[in-house]
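The structure appears below as structure tokens.
Derivation of every value follows stated rules applied to the coordinates shown; laboratory data play no part. Not measured: the values here are computed from a predicted model. Here the Cβ is made from the backbone with ideal geometry for all residues, glycine too, and neighbour counts use every protein chain on show.
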Amino acid sequence: MKSASSPEHRRSFILSSFFFILFLCVLASINEVRFDSLLKFGHSALSNTPSSNNSSSENHPSSVNSSSDDIRILIGILTLPDQYNRRHFLRLIYGTQTPVGARVDVKFVFCNLTKEDQKVLVALEIMRYDDIIILDCKENMNKGKTYTYFSSLPEMLRDTDENSTTPYPPYHYVMKTDDDSYFRLNNLVESLRELPREDLYYGYVIPCPSMDPFVHYMSGMGYLISWDLVEWIRESEIPKNHLEGPEDKTFGDWIREGHRGKNRFNAKWSMYNFPEPATGCTHELWPDTIAVHLLKNQEKWIRTLKYFNVTDNLKPSKLYHIP
């Protein structure tokens, strides 16, 4: 009987161990190939899926359902650097609206920062939301801020990449509005759908009793122009030589003196001032509203938002109970 330590037994054990280790190596190699193929497949699948980290769609949900053929609108809300709470509130208001068939970008517009705290806090806002335009001007209401806003856009939005697929113009329409106005984006988009995309001047006609958009001018609560007029403002000497005065009236003067805005649309009475206090520019809230102006306090905002049932789409959850 051979002992367990005989040379033949040791040789047999070594050969068995060698083949067993070789088998494990082959198996590991096969699995590595399979895993690598799986990773490549997964990467390929993900690369064909729109990124969920795109800051534009994340911060502007209104653009999620848009395509290159849809209406493109830039809404510039003229405000002040220190109005942090108002901007956060308006982000809620516009961030929960999702107009179909349009890309609507909402930006907050103000002049150069002048305080150290602004430089930090506004920079954080830009990093988080990317929805602020800072103009090269001294903060003002009726001394050229509106001109600087419109005239700066062509250069700001000009795409210098020759291989870019960015459409031109970057927006069909550009709006100037105030931070006390509430626009219902779906209604705004629908009102624009059949309108011209050139030489258009759109808004609420002043004086209040007038229904003729070719008389006087559009109210500063929110007026919209086509992109060709934005470029005209940048190039023309007429706006440059007439900067001071009530900004909406001054804008109307430019259009009249330049013989522009041959296509005009009066959105009255879908645009109006808040019902209280009653004036010739107000009426009660109603369903076909595009915009409500002079929402100067939280009570007026809440009454307006409740009327339009803006929280009806709140999803039920065990995490909260709102009667």
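Annotations for the structure displayed:
- Among residues that are in contact with an Asp or Glu (Cβ under 7 Å, 6 or more places away or on another chain), in a loop (DSSP other than H, G, I, E, B), small (Gly, Ala, Ser) and closer than 19 Å to Cys137 by Cβ, Gly261 is not included.
- Residue satisfying condition, being touching a Phe, Trp or Tyr at 6+ places or on another chain (Cβ under 9 Å), part of a loop (DSSP other than H, G, I, E, B), under 22 Å from Tyr217 (Cβ atoms) and β-branched (Val, Ile, Thr), within set Thr279, Thr250, Thr289: Thr289
- Qualifying residue in the range 173-180 (condition: assigned to a loop (DSSP other than H, G, I, E, B), of a type outside the set (Lys, Arg), more than 18 Å from Arg72 (Cα to Cα) and in contact with a His (Cβ under 7 Å, 6 or more places away or on another chain)): yes
- Residues of the range 219-245 that are surrounded by 15 or more Cβ atoms within 10 Å (Cβ to Cβ) and in a loop (DSSP other than H, G, I, E, B): Ser219, Gly220, Met221, Ser236, His242, Leu243.
- Selection status of Thr165, surrounded by fewer than 13 Cβ atoms within 10 Å (Cβ to Cβ), among the β-branched types (Val, Ile, Thr), more than 15 Å from the chain's Cα centre (by Cα) and farther than 19 Å from Phe183 by Cα: yes
Residues checked against (1) in contact with a helix residue (DSSP H, G or I) (Cβ under 9 Å, 6 or more places away or on another chain); (2) in a loop (DSSP other than H, G, I, E, B):
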| site | (1), (2) |
| --- | --- |
| Leu80 | yes, yes |
| Gln97 | yes, yes |
| Asp105 | yes, no |
| Leu113 | yes, yes |
| Val122 | yes, no |
| Ile126 | no, no |
| Pro167 | no, yes |
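- Just one of (1) over 23 Å from Ile71 (Cα atoms); (2) surrounded by 20 or more Cβ atoms within 10 Å (Cβ to Cβ); (3) touching a helix residue (DSSP H, G or I) at 6+ places or on another chain (Cβ under 8 Å); (4) aliphatic (A, V, I, L, M) fails for Leu200. It is (1).
- Some residue of the range 285-293 being more than 28 Å from the chain's Cα centre (by Cα) and of a type in the set (A, V, I, L, M, F, W, C): no
- Residue in the range 189-212 that is within 29 Å of Pro81 (Cα to Cα), under 16 Å from the mean Cα position of the chain (by Cα) and not in a loop (DSSP other than H, G, I, E, B) present: yes
- Every condition in (1) more than 15 Å from Asp180 (Cβ to Cβ); (2) assigned to a loop (DSSP other than H, G, I, E, B); (3) free of Cβ contacts under 8 Å to residues at least 24 places away in the same chain holds for Lys268 except the one numbered (3).
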